[in-house]
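This report refers to the structure that appears directly beneath it.
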Amino acid sequence: MTLVAATPSHAAALAAIHAESFPPPDRWDRDAIAALLAQPGIIALIDPAGGMVIARVAFDEAEILTLAVCPGARRSGLGRALMDEACRCAARAGAASMFLEVSDRNAAALRLYGSCGFVQVGLRRDYYSNGSSALVMRKTLEYVS
Ligand SMILES: CC(C)(COP(=O)(O)OP(=O)(O)OC[C@H]1O[C@@H](n2cnc3c(N)ncnc32)[C@H](O)[C@@H]1OP(=O)(O)O)[C@@H](O)C(=O)NCCC(=O)NCCS
């Protein structure tokens, strides 16, 4: 794994990974990603092999905004590595908890998040445009220098 901190100069590469990983209505374009990266509290990581994660830290809470691994790079541990590093970065930035939302139909992500230590703390019914519900999940972060 070659995870690097993403800057606005990575926006096109991040958008390309996002586009390969999500269906058209859910894709984030380069400009949207560049604008997000310019906001305070953003943690963004990219692996040139085809993975990216963006999280936001606000005070003692953090949230995964998106996570994507290109189909050709899946099941080799990249998703887990991105999640683990995003959690470490958020803890170093002062977050005590990481939150995320995930569709109850996204079996791969649910397995990944569960194995990373996230537990369900809420449910938003009919949350997504395809009618699926969102599980709200949380993980306690431990600061490791
Ligand atoms: C979810 C996603 C990021 C996983 O990325 P990945 O690099 O394949 O994940 P990893 O290789 O690190 O897998 C870690 C664990 O997650 C689980 N997992 C991953 N993909 C899975 C699948 N298709 N089915 C079941 N479990 C899966 C497994 O427990 C796996 O461990 P194992 O390989 O030892 O069995 C990737 O499938 C993806 O980008 N999907 C489309 C975008 C998306 O849904 N993002 C999340 C939105 S909330």
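The values are calculated or read from the model by the stated rules, or taken from the named source; none is laboratory data. Keep in mind it's a predicted model, so treat the numbers as computed, not measured. For neighbour counting, all protein chains shown are included, and Cβ atoms are generated from backbone atoms with ideal geometry for every residue, glycine included. Heads up: the accessible areas ignore ligands, DNA and RNA and are worked out on the full protein's heavy atoms, side chains in. Shrake-Rupley method; radii C 1.70, N 1.55, O 1.52, S 1.80 Å.
Before moving on, here are some points about what is shown:
- Among TYR127, TYR143, the sequence by solvent-accessible area, most first, with a 1.4 Å probe is TYR143, TYR127.
- Fluctuation leader among ALA62, ALA16, ALA91 - the chain, Gaussian network, Cα springs under 10 angstrom: ALA16
- Dipole of the chain, positive end: most advanced residue of GLY94, GLY131, ALA34 [Cβ charges, Cα centre]: GLY131
- Over the stretch 54-99: Kirkwood hydrodynamic radius from C-alpha pairwise inverse distances, Å: 11.0 Å
- Per-residue SASA entry for ASP29, accessible area with 1.4 Å probe, Å² rounded to 10: 90 Å²
- Considering only ALA109, ALA19, ALA32, the Gaussian network model of the chain with Cα springs below 10 Å gives its largest mean-square fluctuation to ALA32.
- Accessible-area composition of the chain, carbon plus sulfur, in percent [1.4 Å probe]: 52 percent
- Cα centre as origin, Lys/Arg/Asp/Glu Cβ charges: the stretch 75-122 dipole, Debye: 140 debye
- Restricting the trypsin sites (Lys or Arg not before Pro) of the stretch 1-96 to loop positions (DSSP other than H, G, I, E, B) with no more than 10 neighbouring Cβ atoms within 10 Å leaves ARG75.
- For the set THR7, THR2, solvent exposure ranked by accessible area (probe 1.4 Å, protein chains only) runs largest to smallest as THR2, THR7.
- Largest mean-square fluctuation among PRO48, PRO24, PRO71, in a Gaussian network model of the chain whose springs join Cα atoms under 10 Å apart, belongs to PRO24.
- Computed over neighbours whose Cβ is under 11 Å from that of GLY51, the net charge equals -1, Lys and Arg +1, Asp and Glu -1.
- Computed over Cα pairs, the Kirkwood radius of the stretch 46-145 leads via Stokes-Einstein (1.567 mPa s, 4 °C) to a diffusion coefficient of 93 µm² per second.
- Counting heavy atoms of the protein chains alone, PHE22 has an accessible area of about 60 Å² for a 1.4 Å probe.
- Check: the chain dipole with +1 on Lys, Arg Cβ and -1 on Asp, Glu Cβ, in debye: 300 debye
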